[in-house]
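Below is one structure; the comments refer to it alone.
The values are calculated or read from the model by the stated rules, or taken from the named source; none is laboratory data. Remember, predicted model here, so these are calculated numbers, not experimental data. Every residue, glycine as well, gets a Cβ built from its backbone with ideal geometry; the counts of neighbours run over all protein chains shown.
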């Protein structure tokens, strides 16, 4: 999980590139790298003069990581104490905000681990095994129950957030960086190692997110998994440090470590998690959702239904009229703000299988309505423990027993790239790679 390397994001210049990040991300996903090598080099040049919090030498990284872990633990304990004393949730005022956040970061979660793809070629060199093991664990060792991308996709599906939201272009930045690092990892190995070093140090926001999602009835298993698997004692954080130290050349360590630092700083590009979460505006998101529906619904309503002397079709026909439409729903008594939404006539029109407008709004859009109507009214918390929902592996793709046959290792590696590893063929290739290389981990006997 990403950790902001220091508070320097505001000082990093905007991307000087004519291609939108969304188009670049989608191109990398489809296997069209275009000029992404040059783009990645330009991003590294941008951060080359930025500050970071890394120590002066690789030998000091263990102490640096221990200090970071202690600080996160201390800050988390303070957060928990504040909550026990009655402080509100720090990140998510309501369930809508949490669902919005989960969709905002989906482009990055859809390529989890992608930056390490090129390390798979070095399976015969033990110095790379920590990095390779990190990547394989991101891929769930080919088990669809444990593949991180599939875990996140199943979460989004269960929450009713399959319809993609229009996202700010910057939300595609980290995903594009990870895909580009994975694709060109042989040329940017030191930078990949540095990026991995920053991304795998567990941050405070990960712990808070896990806690607050559970309070809102959302299974935070994906986030809890990264709390445990990235731990600084024996997890990905520790493996990331060993990779720096073991692969640092004896002859010219300064140049290597400088490149590591540049890769590390790539974590600072984009918007940090707390700042992103703070951008959520409930009424603004509800109005945006209604605007997306407006042109489809403006001729679908009977004229006998009127709000403030205007038909619903008339309200929907006029761009910019939707704030007034919300006011009209309240003025006419169809919505009672600050009360249980079930007390509002409008809610009975949109929720439930027999509702007249059943299916008009997605689960996420109905959550926006629910939380906007409820306002300060609070429903009882329904805490969900992370991992309380686990799938049946037999019902998932990739578990059909076809595990790669006699394909070459290079062919298997190609299908384990960040844009493919969660697909059935990628899962099969992962299992075959483990057998072919002898890198499958044995369990307790």
- request: Could you tell me which numbered condition residue 367 fails, if it satisfies all but one of (1) touching a helix residue (DSSP H, G or I) at 6+ places or on another chain (Cβ under 6 Å); (2) at pLDDT 85 or above; (3) part of a loop (DSSP other than H, G, I, E, B); (4) surrounded by 13 or more Cβ atoms within 10 Å (Cβ to Cβ)?
  value: (3)
Tally of residues being in a helix (DSSP H, G or I), in contact with a helix residue (DSSP H, G or I) (Cβ under 8 Å, 6 or more places away or on another chain) and without any contact (Cβ under 8 Å) to a residue 40 or more places away in the chain across the stretch 27-39: 1
field: Subset of the stretch 147-161 (residues that are surrounded by fewer than 19 Cβ atoms within 10 Å (Cβ to Cβ) and assigned to a helix (DSSP H, G or I))
entry: 153, 157, 158
task: Quick one: count up the residues across the stretch 294-333 that are at pLDDT 75 or above and either at positive phi or not in a helix (DSSP H, G or I) (or both).
output: 11
message: Suppose we filter the stretch 425-445 for residues that are loosely packed, with under 15 Cβ neighbours inside 10 Å and part of a helix (DSSP H, G or I); how many remain?
response: 1
- prompt: Listed residues 107, 55, 13; which is modelled with pLDDT of 95 or more and in a loop (DSSP other than H, G, I, E, B)?
  reply: 55
- request: Quick one: count up the residues across the stretch 20-34 that are modelled with pLDDT of 80 or more and surrounded by fewer than 17 Cβ atoms within 10 Å (Cβ to Cβ).
  value: 6
field: Segments classed as helices (runs of 4 or more DSSP H), wholly inside the stretch 210-276, with at least 3 members that are without any contact (Cβ under 8 Å) to a residue 40 or more places away in the chain and farther than 22 Å from residue 172 by Cα
entry: 253-265
- prompt: In the stretch 324-356, which residues are in contact (Cβ under 8 Å) with a residue 12 or more places away in the chain, exposed (fewer than 13 other Cβ atoms within 10 Å of the Cβ) and over 23 Å from residue 380 (Cα atoms)?
  reply: 331, 333
Sole residue being crowded, with 19+ Cβ neighbours inside 10 Å, outside the structural domain of residue 212 (by TED's automatic domain parsing) and modelled with pLDDT under 90, chosen from 359, 398: 398
query: Considering only residues of the stretch 277-287 that are in contact (Cβ under 8 Å) with a residue 24 or more places away in the chain and in a helix (DSSP H, G or I), which is surrounded by the fewest Cβ atoms within 10 Å (Cβ to Cβ)?
result: 283
field: Among residues of the stretch 67-86, those that are surrounded by fewer than 14 Cβ atoms within 10 Å (Cβ to Cβ) and within 24 Å of residue 243 (Cα to Cα), counted
entry: 3
- request: Look at residue 202 and say whether it is touching a helix residue (DSSP H, G or I) at 6+ places or on another chain (Cβ under 7 Å), assigned to a loop (DSSP other than H, G, I, E, B) and farther than 29 Å from residue 384 by Cβ.
  value: no
- prompt: With 148, 183 as the choices, which residue is under 30 Å from residue 288 (Cβ atoms) and either in contact with a helix residue (DSSP H, G or I) (Cβ under 9 Å, 6 or more places away or on another chain) or modelled with pLDDT of 95 or more (or both)?
  reply: 148
- prompt: Mind checking whether some residue in the stretch 162-169 is assigned to a helix (DSSP H, G or I), out of contact with any helix residue (DSSP H, G or I) (no Cβ under 6 Å at 6 or more places or on another chain), surrounded by fewer than 21 Cβ atoms within 10 Å (Cβ to Cβ) and at pLDDT 95 or above?
  reply: no
- prompt: Which ones in the stretch 204-221 are surrounded by 24 or more Cβ atoms within 10 Å (Cβ to Cβ) and modelled with pLDDT under 95?
  reply: 220
